[in-house]
Amino acid sequence: MESFNLSSVPSLRKNMLDLTHSGLSNASIKSQDCTVHSRVGFRGMGVENFLTSQGLPIPSEPNQSLLFDESLVVLRLSKSEFWLVDIENTHHELIETLELGAKGLDDVYRLFCQHSHACFLFKGEQTATMFSKVCGVDLRRSVFPIGSIAQTSVARTNAIVTRQEGKGKEYFLLLSDLASSQYLWEALADAASEFV
Amino acid sequence: MKIMNCPLNGPRNISEFVYGGEVKAMPNALTCSDKEWAEYVFYSENTIRVVTEWWFHSPSGYWFIAERHTASDEILKTYDPSELFNKRVEFESAPESAEEKTV
Amino acid sequence: MSINRLPAPLGLYIKRDKTINFMFEGQRYQGVEGDTIASALIANDQWLMSRSFKYHRPRGPLTMAGQDANTLVQLKSEPNVLADKHFIRADLEVVGQNYNGSLENDKDAKLSYAGRFMPVGFYYRAFYKPIGIWDKWEPFIRKKAGLGFADLTFKPVYHDKAYLFHDVAVIGAGPAGLAAALKAADAGASVLLVDENPILGGALTYHRFDVEGVRANELRTQLTESVVNHSNITILNNATCNGWFTDNYLPIIQGNRMYKARAKQCIVASGAFEQHVVFRNNDVPGVVMSSAAMRLMSQYAIKPANKAVVLTGNDDGYLCALELVRNGVQVPVIVDMRPNGADEALQKAVAEQGIKIRLNATVYEALPSSDKKRLSAVQVHDITGKGQVSAGGVTIPCDLLCMSAGYMPVYQLLCQAGAKLSYNDDSARFSLTNLPKNLYVAGSANGVHELDAVIRDGELAAYKSLTSLGIPSSEPEVVSCVKQTNFPWPIFKHPKGKDFVDFDEDLQAKDIVNATRLGYRDVQLVKRFSTVGMGPSQGRHSALPTARLVAEATNRTVTETGVTTARPPFVPEKLAHIAGRIFSPHKYTPMHQRHLELGAHMIPAGIWRRPAYYGDPVNRDKLIQQEAEMVRNAVGMIDVSTLGGLEVRGPDAAEFVNRIYTFGFLKQPIGKTRYAVLTNEQGVVVDDGVACRIAEDHFYVTATTSGVDAVYREMTKWNAQWRLKVDIANVTSAFSAVNVAGPLARKVLSKVCFDVDFSNEAFPYLAYKEGTIDGVPVRLLRVGFVGELGYEIHMPSLFGEGIWDRLMDAGKEFEMKPFGVETQRLLRLEKGHIIVSQDTDGMSHPGELSLNWAINRKKPFFVGSRSVDIVMARKQTRKLVGFKLDSQATRPKEGHLVLANASQVDCAITGNITSSEYSSTMGANIGMAFVGIDQQEVGSTFPIRVDKGEVVMAEVVKLPFYDANNARQEVL
């Protein structure tokens, strides 16, 4: 058993999110739903060695992240937990290879973030201000520089927020429970609506 | 709203945390008396002092330990549970002639 | 039309070239942009704005700063608006409050004469006996006494909240606040400066600090310019910091938004409230604080009167008199309560203006005009002792009386933070001590009143904040202030009363004294009995005279008497501000859109939304029976994605599961599932699920929808102590799941999943397998929850909708339809399966639930094992049983009580109904209930009290109701 491959059949992934009700499209804050893009997570004391052996960069501290190959974000969520998030959906092969390669390794446990979490991307100068309406952590650049991660509460749901810079553009990534993502999307659209 | 310093995530609103009760040593469930067990399960000193408590940071799923003064509500320090719990805990099978389990 | 205003630079708030028309009491008035309702009315010589709460006395502004309740007016859709804070705009419609008839001619104004028959506590004492009489009186009294009226057609408008993060928050932008903000910002700190007024400056915007009357404006211009242009300072004006909460968490209301500011350091420079003098008729419109008169001139460019008398106990009254004269108001006399008067320079300056000074004297009574709407004269008496006056007095005609009895710190935020307010009875000076870390007080709130000292005090607070932040800065000199501003006893009781201590509640000096005579010595009790300080201004002016009166009446000092507790909010706030946006998270399964398309009746199930059944709620009972019959006779499918899921992996996975759940799991074969019951340390059943052994070192455990987060927390907490080699992951959202159930379930599955043999031999009851559907990996569990052949299919969530569609398609030829959670509850009830937290409560141990079979007594430990041993060894008191009633009988509801006997008289309650539903399969009402231990025998009956006191008898039935030998779930 355990033939279970979470990275399989990416073409059949579907986010149930109904984006038609969002006010985000005409705001100065641009948003994108990256939920069906590839990602994978691992936890365990063996993960750091495993990822290093695969040629991936490792953030030195928990709640720090690094960008690999311009659009793959490597998040370190604790001493022994790492997520890889594919921003442009161009790293599927690498992610599937990692998932398969981790099987049977000592103290390396694959996590389920591909299917448990929604992934949203926000761009625009006012994004940190928008987050201050729904989140109690200060996300302004001066205290939350590029690469920072906050595991916190956004509009009363648990979320992971990170600030990234790729191809000269800054953006925020937000990962949160897939099941409440419709609610969260609407709450964020409401918060963003003043920034026209 | 109160702020607590999470050893993993830093200072956060107290609403991000779930209280997990006082850190207590469990008596040997097979050999202790009913009274000892009841004291472990139900009783709390509830006096003015520094208490050692379990706290859970919900967004990151992280348990840690906090030392807090019950009168001032000041949180004196927080740390990873591995500072207190660093050995694998085993439970023995019931000994053939169990020690007197008095009420 | 030309606007009758004083020349610039007076009129800091207004734009005199922009006129605005508005309505007051049905009449058109003209003001200018920047006017409040009150200033615009006064500019039109309309001082009467509202009537008092109890006696319906005519009232006009007292403070012009929103600190009194004398100007509460009614807007079209908003009651209790402060006329001296609310800016006018075109077409505003304003009326007064608390009158019967019209504001000018209130039929209830005679209540004032009945005052002596209505002492404090009158309502409570007069209308509460005999019991029940209050209900008859209340509507009448409410009508006479209530404040404004609510507009029931009111439409809510958008309100929201936002966090602000700063190094230093400065509350109050007067001279101390401005100086503090500048020093902190210059040193590099990020500063939030909060002020309730439209322009910065605090007292600098109205107060006169020097004989020449130039200093305030110069300093204000200089300080505000630096502050406004400072990149490190964020200014929030027209904003009120409405409370102080732990760790400098500051709710600040500005417009329709509530900011939740989080400041590392907080400086409260909130200023001081000027205090009134207690004498007869001190509430007549035209009797104001000196600061109110100065605000009218400086902020609104309004000449407040033709002839004014100043009643003072400090030098500030003299400065007010000079300012009045400068702006064309005649001031015949300054009545100084002190024996020695002001400093020489001031006395000289005043004398030069032809103003007489009467020392050691007070106004003993104010005389209203014949229409009662405005002050016409004051009666001045010599002071002969503490609160005592000479018999004869002189009457001085005037249309304005300015009072300067002293100042009380705006202590509210600081006392909310735990500060202690002290008062020196000799120097009449206040101090605030015992402030928590990272909170400072500066300026007149700190008892400092001389302008240079105020500035330095602000800088000193900034220095302390910067030091706490670790930012170096120069240390200012310690501030000392010798200026005495408080007259120790500005209270002159009058035998005929109406000498108001509390304007909001119409409380006179004798009301407070009488409360102490009735035995209420504690100021908190005086407050509760007399309602002093409970009105909208929350003791801003009544706290000090009350403390003084109670202190005197009980032979104590004011410090000993103290003031009542200050609690948030500082000013009234709207529920809409507290509510903000509604953040009420809810979860959808991946099939949510499909349920909506199929007409599901969605209900909340904890945080989730789930289909109760498919169709119109008016047909609820019929739909549920139809769906149940479909499952019993053919096949149905239910979305069970909300089921909790936990992955337990690692070399110690079996050991861990074995310690957490009550059953034995060490020897559970790979590819099998096992029922898993979770007890807490008290031995109470708190969750259940199914543990699937996927590999030697891998379990997939389900948990209840509402319980999974707590189960996950408990699991991880235990392993933080046990340190087993195991990883625990909550995968609830990662998997969506359906249960395909019914005699034809196997046929449906066989059409979509080709790599699994669904035959009974290859895939027996309680087996676990993995397969693929269209390449999607799925976990398959053979289950029997609803009592028929059934398979749970768990798939990664992003495929949930696709697999649902595929299965619906495959089920078409068998007329498979989805069924809802209410139908599932009926089906499992027929099968006698409990739902933890529905059929269990906070006391249910396994024995009461007949779950002894699911407990392994041989293993050394599971969470709760010792407690289960203890409770099971005791005499049992109740049992969960199945019951049935005739289908014609009243169906009991969940929660109805089980009685010891049917008599109902002194009858003990032995249990309660936990589940109840009509079952068409059984042709009866069936359910589960806790019953007394002697009521559990199968075939016996027990009484249930249903609605309206009716008692029905139910028969105990052996569980399950349906298919006792489990033939259905084994169908081939």
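The values are calculated or read from the model by the stated rules, or taken from the named source; none is laboratory data. No experiment lies behind these values; they were computed from the predicted model shown. Heads up, the Cβs are rebuilt from the backbone with ideal geometry, glycines too, and the neighbour counts pull from every protein chain shown. Calculation scope for accessible area: heavy atoms of the full protein, side chains included, ligands and nucleic acids excluded. Shrake-Rupley method; radii C 1.70, N 1.55, O 1.52, S 1.80 Å.
Numbers below:
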read-out: 0 to 90° range, to nearest 10: angle between helix C:821-830 axis and chain C longest Cα axis; value: 50
read-out: Spin-label zone in region C:353-393 - amide nitrogen under 16 Å from a point set 7 Å from the Cα of C:E104 along the C-beta vector; value: C:369-374
read-out: Residue-averaged [θ]222 nm for chain A, counting only DSSP H segments that reach four residues, each worth -39500 (n - 2.57); value: -5000 deg cm²/dmol
read-out: 0 to 90° range, to nearest 10: angle between helix A:92-101 axis and chain A longest Cα axis; value: 40
read-out: Full-extension gain in nm, C:K437 to C:N4, via 0.36 nm per residue minus C-alpha separation; value: 150.8 nm
read-out: Among the listed pairs C:K386/C:K510; C:K85/C:K356; A:K133/C:K264, those beyond 25 Å (Cα-Cα); value: C:K85/C:K356
read-out: Protein heavy-atom accessible area occluded, B/C pair - total, 1.4 Å probe, Å²; value: 2700
read-out: Cβ-based net charge around C:G636, under 12 Å, with every Lys or Arg adding one and every Asp or Glu removing one; value: -3
read-out: Restraint check, C:K373/C:K527; C:K372/C:K498; B:K24/C:K717, Cα-Cα greater than 19 Å; value: C:K373/C:K527
read-out: Pairwise centroid distance, computed over Cα atoms, of region C:223-283 with region C:324-339, Å; value: 32
read-out: Cα→Cβ-extended label distance, 7 Å offset, between C:K348 and C:K875, nm; value: 9.9
read-out: Karplus-derived 3J(HN,Hα), 6.51/-1.76/1.60, for each residue of region C:485-499, Hz, glycine and proline x; value: 10, 9, 7, x, 9, x, 10, 10, 5, 10, x, 8, x, 6, 9
read-out: Between region C:180-220 and region A:41-99, the alpha-carbon center distance in angstrom; value: 53
read-out: Computed lengthening from C:D947 to C:N555, 0.36 nm per intervening residue step minus Cα-Cα distance; value: 135.1 nm
read-out: Candidate lysines - alpha carbon under 16 Å from C:K884, same-chain residues fewer than 8 apart omitted; value: C:K831, C:K893, C:K958
read-out: Potential extension, C:R215-C:R326 segment - 0.36 nm per residue separation minus Cα distance; value: 38.4 nm
read-out: Trypsin sites (Lys or Arg not before Pro) restricted to DSSP loop in region C:376-480 with at most 14 other C-beta within 10 Å; value: C:K386, C:K437
read-out: 11 Å beta-carbon shell around C:S940, net charge (K/R +1, D/E -1); value: -3
read-out: Solvent exposure of region A:19-195 as accessible area per residue, Å², 1.4 Å probe; value: 37
read-out: Of all DSSP beta bridges in the protein assembly as shown, antiparallel share, percent nearest 5; value: 80
read-out: Angle in degrees between helix C:620-633 and the longest Cα principal axis of chain C, rounded to the nearest 10; value: 30
read-out: Two-site FRET efficiency, C:T467 against C:N21, from Cβ-Cβ distance with R₀ of 56 Å, rounded to 0.05; value: 0.55
read-out: Label-point separation, C:V478 to C:E629 (7 Å along Cα→Cβ), nm; value: 9.1
read-out: Candidate aspartates and glutamates - alpha carbon under 17 Å from B:K77, same-chain residues fewer than 8 apart omitted; value: B:E22, B:E53, B:E67, C:D247
read-out: Low-density loop positions, GluC sites (Glu not before Pro), region C:686-793 - DSSP coil, at most 15 other Cβ in 10 Å; value: C:E696, C:E761
read-out: Residues C:V513 and C:D616, FRET efficiency given R0 of 51 Å [Cβ-Cβ distance, rounded to 0.05]; value: 0.15
read-out: Protein accessible surface hidden between A and C, which excludes ligands and nucleic acids, total in Å², probe 1.4 Å; value: 4000
read-out: Projected label distance in nm at C:K858 and B:N86, using a 7 Å step from Cα toward the beta-carbon; value: 3.8
read-out: Charge sum, other residues only, whose C-beta stays under 11 Å from C:L359's C-beta, Lys/Arg counted +1 and Asp/Glu -1; value: +1
read-out: Semi-axis lengths, Å, region C:875-970, gyration tensor of Cα atoms, sqrt of 5 times eigenvalues; value: 23, 16, 10
read-out: Chain C: relative contact order in percent, alpha carbon pairs under 8 Å with at least 6 residues between; value: 9
read-out: R0 of 56 Å, Cβ-Cβ distance C:N237-C:V394: FRET efficiency to nearest 0.05; value: 0.80
read-out: Mean-position separation - Cα centroids, region C:458-506 and region C:835-850, in angstrom; value: 61
read-out: Carbon plus sulfur fraction of accessible area for chain C, probe 1.4 Å, in percent; value: 52
read-out: Contact order normalised by residue count of region A:116-196, Cα under 8 Å, 6+ apart, percent; value: 35
